[in-house]
Amino acid sequence: MGKKISKVTILFGENRGKFYEIKENEKVFLGRGEESDIILDRNSVSKLHCCIYMEEDCCLIMDLGSTNGTYVNDEKADSPIQLFSGDIIRAGGFELMFESDNHNDRCRRNSTIAIDLDNSTAISKNSRSLSPFLGKKGDEKKIKRIFNCIFGISFISIIIALLFLIKFFLEN
């Protein structure tokens, strides 16, 4: 048996208070089907809903194409999301809390952040996204739209201020 490194506890839904240990080098499948390691018995949960697994000493969760999605602290887990102790996982009407004693330096939240304004991208290594718009896969278009909106609003504000100044000076 592997060393106990973390656990998932059901906070809301059937079997409230029940917890499941996740051991080192173990993949744990959550879902409604009998092939799941943690069975969440509701129709709103897919047969194989999501998976919790280890990678580089860090615990990750990923949705497996479920109908209703998997969320970690209200962030959709379409791609792997790193789990930290105290994170709340939502899957089809169930809420679970992830807990871990793993204090590995590679698994710290907010370890490295890089923002490239020329390409309007944000890279958040070994941390969760910095905001709803930064750090997620495929969000480059959203970031460009935000910068374009900010630039557009600033440009329009400057034009309005100039027109106001011109009118003011012409009247005097």
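Worth a mention:
- In the context of the full protein assembly, Cys59 retains an accessible surface of approximately 10 Å², using a probe radius of 1.4 Å and ignoring ligands and nucleic acids.
- Probe 1.4 Å, protein heavy atoms only - accessible area per residue of region 1-105 in square angstrom: 54 Å²
- Among the listed pairs Lys7/Lys47; Lys144/Lys167; Lys23/Lys47; Lys18/Lys47, those beyond 31 Å (Cα-Cα): Lys144/Lys167
The values are calculated or read from the model by the stated rules, or taken from the named source; none is laboratory data. What you see is a predicted model; the values in this text were computed from it and never measured. Note: accessible area is taken over every heavy atom of the protein model, side chains too, but ligands, DNA and RNA are not part of it. Shrake-Rupley method; radii C 1.70, N 1.55, O 1.52, S 1.80 Å.
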